[in-house]
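Input: a single structure, listed below in structure tokens.
The values are calculated or read from the model by the stated rules, or taken from the named source; none is laboratory data. Predicted model only: the values in this text are computed from it and were never measured. Here the Cβ positions follow ideal geometry from the backbone for every residue, glycine too, while neighbour counts run over all protein chains shown. Heavy atoms of the whole protein, side chains included, go into the accessibility calculation; ligands, DNA and RNA do not. Shrake-Rupley method; radii C 1.70, N 1.55, O 1.52, S 1.80 Å.
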Amino acid sequence: MPQDIHKLRNIGIIAHIDAGKTTVTERMLYYSGFTHRVGEVDKGTTVTDYDPEEQERGITIQSACVTLPWQDVVINLIDTPGHVDFTAEVERSLRVLDGGVVVFSAREGVEAQSETVWRQADKYHVPRIAFINKMDREGADFFGTLDEIRCRLGCKPVPVTVPVGSGPPHQRDAFRGILDLVRMKLLTFQPPGEGTEVVVEDIPEELSALAQQWRTHLVDHLSLLSDELTERLLGGEEVPEALLRKTLREATLAGLMVPVLCGSALDGIGVQPLLDAVAAYLPGPADMPPVEGRDPKDASVKLHRKPSAAEPFSALVFKIQAERHGDLHYVRIYSGRLKANSRVYNPGKDKKENVPQLWRIQADHRSQVEAVEAGDIVGIVGLRHSVTGDTLCDAHHPILLESITFPETVISMAIEPESSTERKKLGEVLEMMKRQDPTFRARENEETGQTLISGMGELHLEVIKHRLLRDYRLNVRVHKPRVSYRETIQHAIEVTGECRRTMGGQPLWARLTTRLEPFAASPKPIVVPGPDVAARLPESFLTAAMEVLAEHGEGGGSLGFPLMHVRTTVLDGQVHETESNELAFRLAAADAFNKGLRDGGIVLLEPIMRLEVTVPEDYLGEIVSDLQQRRAIITRTQARGRTTVIEAQAPLANLFGYSGAMRGLSQGRATCTMEPSAYGPAPPEVLEGFL
Ligand SMILES: Nc1nc2c(ncn2[C@@H]2O[C@H](COP(=O)(O)OP(=O)(O)OP(=O)(O)O)[C@@H](O)[C@H]2O)c(=O)[nH]1
Ligand SMILES: [Mg+2]
């Protein structure tokens, strides 16, 4: 049976690494009755970290989907990884989800990756709830974290629960429950550690001042958004619970406010109220505006589909998992309905696709379903042409939805198969990995026999290496990782490419003038026609020339590295009465491009990383001087209690093995995260090494 769209929630759990996303998810599954015991990340027994690689490392690597019932709603939930190397998993999840739960650690507060995922959620306008977790840890600070959320994330966080006590059980005033500010009740969770039963009591005398203070804060904020609420307040009336919830929901959906809850997922405190809040304050598919797309035949025509089963079918593929019996495509349905054994249209590829089977995905398990409707998330087995980011739609009502963009890779590693049978197998495995992971690239160099694989960071490549060697038992030699360089040109240049030759006895002649210029607005090279060129060149010649210019742009620069930030404009062309044809223009275009690259000057670009290091004060000196030796530019330092947070920018080339070095310098006490921030010019000596 398809789900009632009004009772669905599609949410993602996002956060910095180790904040507790998987632990929160595991608890949600348990309290919803989906599982009968609670798995633990540290024992490798959770539902969503099912991959052996995840279990061994104790971190999430790939996003996992689960569906769980809570009261009268059904929640499709995606647990995402926090490590920045797997940021694509967050990006694709946020692209298709309606709401987010952002988890913070009450001890660490807002961390580097919390900011990144917050911005990603902003980009897709995903309303969210904050959950301040790990209230049982020593040094947990709910109100400090709340301030950081306000200041660093620039939003309006409003607590709907506040903690009673904080810190571990042996401390005085340990964390033991929460105050529900909407119901004005004290909630405790029994039995201790298990938390299956939520005990609701009146707020005792000693906590009533705290509860009243934050209740007033909540109501005051909401009254700014609701006339009805204000009137009741002015009239001295009690504000009904339903009105508070309604206003909170509207404010959250509009992105005006972020409800904040708290707890300790590990100890089973505060998770049921979080589930209640997901149901109460986060949007369902029916609350979403109509999805926008374009007419596949004319990109200037915008089309819309309402989130309703009555509309024509439209959906987006957001993830692919390769399995033994074929790929499993994860699809979000935006409108219409989809049945098993039907046919759909992929407008981007102009291909009809068969949909033989539909599956409801439950982490690594799945169950077959016959039909699904607008708003739902489903797995399809049997698609042949579709990849991540592709639209699927009704062939009679085509629409092209916005695809998903993924970041550029920054790090590469050469691998070599030991034999030619291995080479074939390696090729197949790499193709499959590329289908699954849009931030993974592999390119074979036929001259050297090496394959260069590229990804988002050291951990990303290490996980891939592990898969190749262990899971697929491939015999490959693996070289050390190195930086993925890019190239661009120094300055704008106008050049004329020529073709004057005889091929198969036929003379060929063409001349094409182009301008190549640095173009910051597009990371990928682009080719555009100049204002008057269409009047001077026959359309087929111009198209042929532009195709070649685009191919050359994708083929890389003078040093063979991918080109970035280059725009090529076709300015003019000259045609010979008898000797010009498409081939002549193709050759002239290639000549123009090569001349342009040669004369435009080479700029070698290297990835620059944004680094955030958290250091106890005793080790600050060592860490800072090490960073300076690595050509890091420190952009900000901020004291947080007895630790300092250093923000810096440094070339990735100087950061290989940094995590280990940093731990060594601080006796394991400093932590760091890094993420690609931009490509910047590499030092001249590096460029010279390639010339
Ligand atoms: N003390 C305490 N520890 C917790 C709590 N929640 C999670 N942890 C621990 O924190 C560590 C990380 O938890 P995970 O649930 O794997 O965190 P995550 O956010 O899923 O991490 P990634 O998926 O790798 O980004 C594990 O050792 C958990 O046992 C909590 O409420 N209190
Ligand atoms: Mg996790």
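Remarks
- Cα long-axis angle, helix 205-223 against the chain (0 to 90 degrees, to the nearest 10): 40 degrees
- DSSP beta bridges in the chain [antiparallel fraction, %, rounded to 5]: 80 percent
- In a fully extended conformation the segment linking residue 228 and residue 577 would gain 117.8 nm over its present Cα-Cα distance, using 0.36 nm per residue.
- For the chain, the longest principal axis of the Cα atoms and the long axis of helix 21-31 meet at an angle of about 50 degrees.
- Size descriptors for the stretch 595-691 (Cα atoms only): Rg and Dmax, in that order, 16.2, 58 Å.
- Span from the the stretch 574-614 Cα centroid across to the the stretch 448-518 one, whole angstrom: 13 Å
- Part-to-part distance (alpha-carbon centres) for the stretch 655-677 and the stretch 1-60, which is given in Å: 28 Å
- Spin-label pair residue 622/residue 150, simplified geometry with 7 Å Cα→Cβ offset, distance in nm: 3.8 nm
- Sorted largest first, extent of the stretch 477-589 alpha carbons per principal axis (Å): 55, 36, 20
- Mean Cβ count within 10 Å, highest first, over the residues of peptides 18-29, 509-520, 484-495: 18-29, 509-520, 484-495
- Size check on the stretch 193-311: the Cα extents along the three principal axes, sorted descending, read 68, 44, 22 Å.
- Based on Cα contacts under 8 Å between residues 6+ apart, the chain shows a relative contact order of 9 percent.
- Estimated from the Cβ-Cβ distance and a Förster radius of 60 angstrom, the FRET efficiency linking residue 691 and residue 473 is about 0.90.
- Ranked packing of 302-313, 177-188, most packed first, by mean Cβ within 10 Å: 177-188, 302-313
- 1.4 Å probe accessible area per residue over the chain, in Å²: 44 Å²
- Only protein heavy atoms count here; on that basis, with a 1.4 Å probe, residue 137 has an accessible area of about 80 Å².
- Separation of the residue 216 and residue 143 label points, Cα + 7 Å toward Cβ, nm: 1.4 nm
- Rounded tilt (10° steps) of 539-555 against the dominant C-alpha axis of the chain: 60 degrees
- Per-pair calculated FRET efficiency, R0 = 25 Å: residue 7 and residue 242 via Cβ, rounded to 0.05: 0.90
- For the chain, the calculated P(r) over all alpha carbon pairs, in 10 Å bins from 0 to the bin holding the longest distance, is 3, 13, 21, 24, 20, 12, 5, 2, 1, 0, 0 percent.
- When the convex hull of its Cα atoms is viewed from all sides, the stretch 400-464 shows a mean projected area of 5.4 nm².
- Prolate/oblate/rounded label for the stretch 1-117 (Cα gyration tensor, a/c 1.5): oblate
- Calculated log₁₀ intensity ratio I(q)/I(0) where the Debye formula runs over C-alpha points of the stretch 160-255, q = 0.20 Å⁻¹: -1.01
- Rounded if a/c under 1.5, otherwise prolate or oblate - the stretch 292-416, Cα gyration tensor axes: oblate
- If you take the Cα centroid of the stretch 132-208 and the Cα centroid of the stretch 238-284, the two points sit 14 Å apart.
- Calculated FRET efficiency, residue 631 to residue 119, Cβ-Cβ distance, R0 = 25 Å: about 0.45 to the nearest 0.05.
- Each stretch of four or more DSSP H residues adds -39500 (n - 2.57); spread over every residue of the chain, this sum gives -8500 deg cm²/dmol at 222 nm.
- Here the chain exposes an accessible surface that is 49 percent carbon and sulfur, computed with a 1.4 Å probe and the other protein chains kept in place.
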